[in-house]
Amino acid sequence: MLRNGVDLDLFKVTDRDRSRAELGFRRRTLGSVGGLIERKGHHHVIRALASLPDTDLVIVGDGPERGALERLATRTGVADRVRFLGAVDQQRLRDVLQWA
């Protein structure tokens, strides 16, 4: 069994506009998915967001670095454009990724 495989029956584009509306995405939105640990690199995306006006970021996952990532978002002036969704089930993750 491949741990990091993707269920292509579940993760396929169906209704992007509906998903964006349900999640409140109004403009370009980046997504970062994975455990909130340093090696996953969420901190790089948060820093990059400072150079991307009119862009939001949604982070899906939980872990010990969440507080540090929230503080980084505040320090870099992008906290109002970063949403932490925490851990979500596969159905919800599919909905979040619809806007990509």
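Annotations for the structure displayed:
- Reported label for calculated Rg and Dmax of the Cα atoms in Å given (i) 15.9, 48; (ii) 13.2, 38; (iii) 13.9, 42: (iii)
- Heavy-atom surface of the chain, accessible at 1.4 Å and reported per residue (Å²): 64 Å²
- Solvent-accessible surface (1.4 Å probe) assigned to Asp17 amounts to roughly 120 Å².
- The portion of the accessible surface of the chain made up by carbon and sulfur, rounded to a whole percent, is 49 (1.4 Å probe; DNA, RNA and ligands excluded).
- Using heavy atoms of the protein chains and a probe of 1.4 Å, the accessible area assigned to Leu30 is about 60 Å².
- In the chain, the DSSP-assigned H stretches of four residues or longer account for a calculated mean residue ellipticity at 222 nm of -9500 deg cm²/dmol, using -39500 (n - 2.57) per stretch and the full residue count as denominator.
- Ligands, DNA and RNA aside, Lys40 has an accessible area near 110 Å² when probed at 1.4 Å.
- The local environment of Asp15, defined by Cβ-Cβ distances under 10 Å, has a net charge of 0 under the rule Lys, Arg +1 and Asp, Glu -1.
- Compared with the direct C-alpha span, the chain from Arg26 to Arg92 gains 21.9 nm at full extension, assuming 0.36 nm per residue.
The values are calculated or read from the model by the stated rules, or taken from the named source; none is laboratory data. A quick note: this is a predicted structure, and the numbers were derived from the prediction, not measured. Note that we place each Cβ from the backbone using ideal geometry, even for glycine, and neighbour counts take in every protein chain shown. All accessible areas refer to the heavy atoms of the entire protein, side chains included, with ligands and DNA or RNA removed. Shrake-Rupley method; radii C 1.70, N 1.55, O 1.52, S 1.80 Å.
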